[in-house]
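Below is one structure, written out as structure tokens; comments come after it.
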Amino acid sequence: MPLSHGQKPTACLALADGTIFYGKGFGATGETQAELCFNTAMTGYQEIMTDPSYAGQIVTFTFPHVGNVGVNPEDDETADPVADGMVVKWDPTEPSNWRSAGELSDWLASRGRIAIGGVDTRRLTRAIRQQGAPHAALAHDPEGNFDIAAMVARARAFPGLVGKDLARDVTCAQSYRWDEMRWAWPQGYARQENPRHKVVAIDYGAKRNILRCLASAGCDVTVLPASATAEEILAHDPAGVFLSNGPGDPAATGAYAVPMIREVLEKRADLPVFGICLGHQMLALALGATTVKMNHGHHGANHPVKDIETGKVEITSMNHGFAVDSQTLPAGVMETHVSLFDGSNCGIRMTDRPVFSVQYHPEASPGPQDSFYLFERFVASMDAA
């Protein structure tokens, strides 16, 4: 709810340009600085907050009713929230859902994440669209004491995401096996007991549901850290290599990821490779393209993407602040998908090898099954190889 007359604000959002938003704080207390983005999804706030691709960002939710289905451990995309903070219009209500195992505010507080309610998120979203994703400071103090000048200064001092390799911060510490499949009624998450292909997944910030989709498609998945070398990957003798989603500037992560991908492609000419999100950008960089920072990025679950080769339009989930510049794609690499919002690149493939990637998240199922064919295409390419 907005603050009532005479009520003292307990949270404050300060933008680097000096714009101030007051509201009611929930979750953890304290202050954080990050890039501010907005997400237009109507559901999935828990999955968004635990998506490693949101490292270094505070998320403004354009849908007003956030928190109304509570939280539960099955919906976490990684162990803890990764997004730095949350901005919403209404305070979280008491959860009303049979799967709820707790309240959003308690969940955020126990995991050290700050949130602010009572904000005019329409106004904030318009500002982000018009001026680009700003740097911001978000504070929650139950006593309502805020040093505004200092918060604005800290927002201005935030270094931003350009040139920042955040994949190292969110990747796994060591390799592990994954066999859990997608959630299904009534059993929940089943295990893949008859996999057909051994796949190595490189974890730049992998969402659990991507790994589940790989397992559901018939893959025996071994996850390796972002810093894995080509030698370490090929030592597993994989039938395919998967490049995961992740946060930060792809050019910065590419400093070590690109040489690895190039070496893998050089040593195994027949090897199917599939990338999603940051993995898509890593593959594009390895093939010779470049990436650019977007004005405000794509964050939501309603993004129409056109498959250029078939003419099919998919409703997709997206979360990225950088994009592949399709004008820089080299010979032998074709653009396969484009955003119908702004024409930006959303997919590529090599014309002579089973190597392809997409910018969006086919595992998030907003369509709901529009894009699962990509996992099946990956498996089919391993069948053929």
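Computed about its Cα centre, the charge dipole of the chain is approximately 580 debye, with only Lys, Arg, Asp and Glu carrying charge at their Cβ. Label zone (Q369, point 7 Å along Cα-to-C-beta; backbone nitrogen cut-off 19 Å) within segment 296-326: 312-317. Averaging 1/r over every pair of different alpha carbons in the chain and inverting the result gives a Kirkwood radius of 21.3 Å. Each residue of segment 301-307 was assigned a 3J(HN,Hα) from its phi angle through the Karplus expression (A = 6.51, B = -1.76, C = 1.60, θ = phi - 60°), giving 10, 9, 8, x, 10, 9, 7 Hz with x at Gly and Pro.
Restricting segment 275-360 to GluC sites (Glu not before Pro) that sit in a DSSP loop and have at most 15 other Cβ atoms within 10 Å of their own Cβ leaves E309.
Here the 3J(HN,Hα) profile of segment 159-174, calculated from phi with Karplus coefficients 6.51, -1.76 and 1.60 at θ = phi - 60°, is x, x, 9, 5, x, 9, 8, 9, 4, 4, 6, 10, 6, 5, 7, 8 Hz, Gly and Pro shown as x. By how many degrees, 0 to 90 and rounded to 10, does the Cα axis of helix 373-384 deviate from the longest principal axis of the chain? Helix 373-384 and the main axis of the chain meet at about 20 degrees. Counting heavy atoms of the protein chains alone, Y373 has an accessible area of about 40 Å² for a 1.4 Å probe.
Over 26 Å between Cα atoms, which of K207/K293; K198/K312; K24/K207 qualify?
On the way: K207/K293 22 Å; K198/K312 30 Å; K24/K207 30 Å.
Violating the 26 Å limit, Cα to Cα: K198/K312; K24/K207.
Expressed as a whole percent, the accessible surface of segment 1-134 that belongs to carbon and sulfur atoms is 49, based on a 1.4 Å probe. Principal-axis analysis of the Cα atoms of the chain puts helix 148-157 at an angle of about 20° to the longest axis. Between R123 and T290, the simple label model (points 7 Å from Cα in the Cβ direction) yields a spacing of 3.9 nm. Derived scalar couplings between HN and Hα for segment 56-67 equal x, 10, 9, 9, 8, 9, 6, 6, x, 9, 9, x Hz in order, rounded to whole Hz, by the Karplus curve 6.51 cos²θ - 1.76 cosθ + 1.60 (θ = phi - 60°), x for Gly and Pro. Highest mean packing first, where packing is the average number of other Cβ atoms within 10 Å per residue, the peptides 299-306, 129-136, 48-55, 141-148 line up as 48-55, 299-306, 129-136, 141-148. Mind pulling the angle between the C-alpha long axis of helix 121-131 and the longest principal axis of the chain? Nearest 10 degrees, somewhere in 0 to 90. So the helix axis and the longest Cα principal axis differ by about 60 degrees. When the helices of the chain are scored as -39500 (n - 2.57) per DSSP H run of n ≥ 4 and the total is divided over every residue, the value at 222 nm lands at -6500 deg cm²/dmol.
The values are calculated or read from the model by the stated rules, or taken from the named source; none is laboratory data. Values in this document were obtained by computation on a predicted structure and should not be read as measured data. A quick note on method: Cβ atoms are made from the backbone with ideal geometry, for glycine too, and the neighbour counts reach across all protein chains shown. Surface areas here come from the heavy atoms of the whole protein model, side chains and all, with no ligands, DNA or RNA. Shrake-Rupley method; radii C 1.70, N 1.55, O 1.52, S 1.80 Å.
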